[in-house]
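To start, the structure itself, in structure tokens.
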Amino acid sequence: MRTLLLVHEYLVVKKRRGFTYRGLRKYWDIKGVYRDKKDPAHEWHTVERNIRELAQQGFLKRKHPRNNKKTVIFYPTKRFWNVIKEREGLIDDS
């Protein structure tokens with residue numbers, strides 16, 4: 001869930017529709033609050049793994065730009081935004 005919130009925060013702050021590993025990593029390094037030396041589960045390679053899992057679960061969609069097969073751009077799906085809305089309490093269950 002922390003990775004999902006990190007991605008959401010990045011997209012809102014940077015006013016972007018998608019992100020790359022490199023862009024998110026730079027934001028993560030600057031932010032610094034997500035790193036906790038006592039919590040090895042939130043090192044950068046864990047964030048990368050969580051991003052891949054989010055894509056496999058349908059929260060993010062992968063796109064490869066035509067001119068560069070190595071770069072991957074991730075875009076949030078409707079499922080991603082639904083979870084964020086639920087988290088913020090914007091969805092009324094009644």
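The values are calculated or read from the model by the stated rules, or taken from the named source; none is laboratory data. Not measured: the values here are computed from a predicted model. Positions of Cβ are backbone-derived with ideal geometry, glycine not excepted, and every protein chain shown enters the neighbour counts.
What pairs come up if the first residue lies in the range 69-85 and is under 14 Å from TYR10 (Cα atoms), the second is part of a helix (DSSP H, G or I) and small (Gly, Ala, Ser), and their beta carbons are under 9 Å apart, counting only those six or more places apart or on different chains?
PHE74/ALA55
Could you check the range 62-76 and list, in sequence order, the residues that are surrounded by 15 or more Cβ atoms within 10 Å (Cβ to Cβ) and either of a type in the set (D, E, K, R) or modelled with pLDDT of 95 or more (or both)?
Answer for the range 62-76, where residues must be surrounded by 15 or more Cβ atoms within 10 Å (Cβ to Cβ) and either of a type in the set (D, E, K, R) or modelled with pLDDT of 95 or more (or both): PHE74, TYR75, PRO76.
Restricting to the range 17-46, name every residue that is at pLDDT 90 or above and surrounded by 14 or more Cβ atoms within 10 Å (Cβ to Cβ).
GLY18, PHE19, THR20, TYR21, GLY23, LEU24, ARG25, TYR27
Restricting to the range 1-30, count the residues that are assigned to a helix (DSSP H, G or I), of a type in the set (Val, Ile, Thr) and free of Cβ contacts under 8 Å to residues at least 60 places away in the same chain.
Residues that pass the stated criteria total 4.
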